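S.K.: My questions all concern the structure below.
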């Protein structure tokens, strides 16, 4: 029973933290203070990356649009990589690890997820202009799998870099 | 070594997810409007006249939001508030792209999945056709329900000249579907009158006429486009994909559940391995 306690603790904490983070991010204050500004920032970041190569892309609000053909993508809540990042954060907070490693893991995880999400947004912007069927496939299937793998890989690397837990003190 | 086992199992599961998903065959294909795509209103009369694009506001109209284009060197505007650039005349490439899209839409969507309804209906995405003209009468509401990626193609007049007439009927979006993914191709004229809601991009084989209608989409005509008291006519970009309100997110609900499960499983195994040391 004792040997299973840390595992049960991890699972319970993971579910509780995950639920709390998801509930928090759905509240109006968090949406207006963080989620929506970040979503709009994603559109601006995407355009900033695109502009040196393609001056026909503009961002207004959370919309990224081609001035050449009018094609646009709107980055909505749920499309901003925040949910994937929250799952990773919840797992890292629930896992028994030093706080320093947790902080490093969360920062690295956020960077990995959001960087890949920017690549996703930019790629979908051009795939959509090229072929809507490919866009739908990439959007619905390919990129979901890639984002999942991204999070999974970060998680596994993080677990492997953790120091071994302290040995239990032998009873005197 | 166990580290690698721990690491590989969830990764293999993730790869299995990647490999196991397959794209469904999508029956309907949105036309590529090319350089014509940014226009909310487009009149492409081959012999352009002062009436190629006409907008008249007799008082109750709200206006047009979006780009307006005409093959004539001006549009006729009597009191309409137009928020957006007026391009007159449009470049030949715009007309060519519009004509290409108009001509290609039938071949791109050869299989009709249903008949265009003329009674109140909730329609899933698909290709809907009528051999002759179609009239959506007063009191009828057609609800297009789907997600942000859902596409509807309506082909009016597949067996010969067929006009689309909407007379006080409504076409509205349901779910998270977006008007931008709705296309109407008519082999004859298109007329919508007194509609509280009409959605989609119309590619009319003849004139397109709207009166006192709230229209989200694009009005494109192979001849003249005429608007009277638009309530309003709005097209502010084709927002699809990673986006569209409540559209398909970075991770779907099931993908999030799967991801959380994979992380939990990997964490569980890692803790067990620590304890085994």
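S.K.: Of B:133, B:162, B:169, B:157, which residue is on the phi > 0 side of the Ramachandran plot and free of Cβ contacts under 8 Å to residues at least 60 places away in the same chain?
M.R.: Details: B:133 fails: on the phi > 0 side of the Ramachandran plot; B:162 fails: on the phi > 0 side of the Ramachandran plot; B:169 fails: on the phi > 0 side of the Ramachandran plot.
Sole residue among the options that is on the phi > 0 side of the Ramachandran plot and free of Cβ contacts under 8 Å to residues at least 60 places away in the same chain: B:157.
S.K.: Kindly indicate whether any position in the stretch B:28-45 is out of contact with any helix residue (DSSP H, G or I) (no Cβ under 7 Å at 6 or more places or on another chain) and surrounded by fewer than 19 Cβ atoms within 10 Å (Cβ to Cβ).
M.R.: Scanning the stretch B:28-45 turns up no residue that is out of contact with any helix residue (DSSP H, G or I) (no Cβ under 7 Å at 6 or more places or on another chain) and surrounded by fewer than 19 Cβ atoms within 10 Å (Cβ to Cβ).
S.K.: Could I ask something else about it? Just a yes or no: is a residue in the stretch A:115-130 without any contact (Cβ under 8 Å) to a residue 24 or more places away in the chain, closer than 16 Å to residue B:264 by Cα and assigned to a helix (DSSP H, G or I)?
M.R.: No, there is no match, as no residue in the stretch A:115-130 is without any contact (Cβ under 8 Å) to a residue 24 or more places away in the chain, closer than 16 Å to residue B:264 by Cα and assigned to a helix (DSSP H, G or I).
S.K.: Of the conditions (1) more than 9 Å from every other protein chain (Cβ to nearest Cβ); (2) touching a residue at least 60 places away in the same chain (Cβ under 8 Å); (3) more than 12 Å from the chain's Cα centre (by Cα), residue A:165 clears all except one; give me its number.
M.R.: Result: residue A:165 fails condition (1) only.
S.K.: Let me ask you something else. What strands (runs of 3 or more DSSP E), lying completely within the stretch B:159-205, carry at least 3 residues that are touching a strand residue (DSSP E or B) at 6+ places or on another chain (Cβ under 9 Å) and surrounded by fewer than 22 Cβ atoms within 10 Å (Cβ to Cβ)?
M.R.: Qualifying strands (runs of 3 or more DSSP E): B:170-175.
S.K.: Of B:140, B:202, which residue is touching a residue at least 24 places away in the same chain (Cβ under 8 Å) and within 18 Å of the chain's Cα centre (by Cα)?
M.R.: Exactly one of B:140, B:202 is touching a residue at least 24 places away in the same chain (Cβ under 8 Å) and within 18 Å of the chain's Cα centre (by Cα), namely B:202.
S.K.: Next question, about the same structure. Can you say whether residue A:23 is in a helix (DSSP H, G or I), within 12 Å of residue A:86 (Cβ to Cβ) and free of Cβ contacts under 8 Å to residues at least 12 places away in the same chain, as far as the supplied structure shows? Explain how you work it out, then say what you get.
M.R.: Values: in a helix (DSSP H, G or I): yes; within 12 Å of residue A:86 (Cβ to Cβ): yes; free of Cβ contacts under 8 Å to residues at least 12 places away in the same chain: yes.
Criteria met by residue A:23.
S.K.: Oh, and also: Can you tell me which residue among A:77, A:97, A:84 is more than 9 Å from chain B (Cβ to nearest Cβ), over 30 Å from residue B:108 (Cβ atoms) and modelled with pLDDT under 95?
M.R.: A:97
S.K.: Kindly indicate whether any position in the stretch B:235-248 is assigned to a loop (DSSP other than H, G, I, E, B), modelled with pLDDT of 70 or more and either surrounded by 23 or more Cβ atoms within 10 Å (Cβ to Cβ) or more than 21 Å from the chain's Cα centre (by Cα) (or both).
M.R.: Yes, there is a match, as at least one residue in the stretch B:235-248 is assigned to a loop (DSSP other than H, G, I, E, B), modelled with pLDDT of 70 or more and either surrounded by 23 or more Cβ atoms within 10 Å (Cβ to Cβ) or more than 21 Å from the chain's Cα centre (by Cα) (or both).
S.K.: Please find, within the stretch A:130-145, the residue that is nearest to residue A:100 (Cα to Cα) out of those that are surrounded by fewer than 19 Cβ atoms within 10 Å (Cβ to Cβ) and more than 7 Å from chain B (Cβ to nearest Cβ).
M.R.: A:142
S.K.: Do we find a residue being closer than 30 Å to residue B:222 by Cβ, within 10 Å of chain A (Cβ to nearest Cβ) and either at pLDDT below 50 or in contact with a strand residue (DSSP E or B) (Cβ under 9 Å, 6 or more places away or on another chain) (or both) anywhere in the stretch B:9-26?
M.R.: yes
The values are calculated or read from the model by the stated rules, or taken from the named source; none is laboratory data. Quantities reported herein were computed from a predicted structural model and do not represent experimental measurements. Positions of Cβ are backbone-derived with ideal geometry, glycine not excepted, and every protein chain shown enters the neighbour counts.
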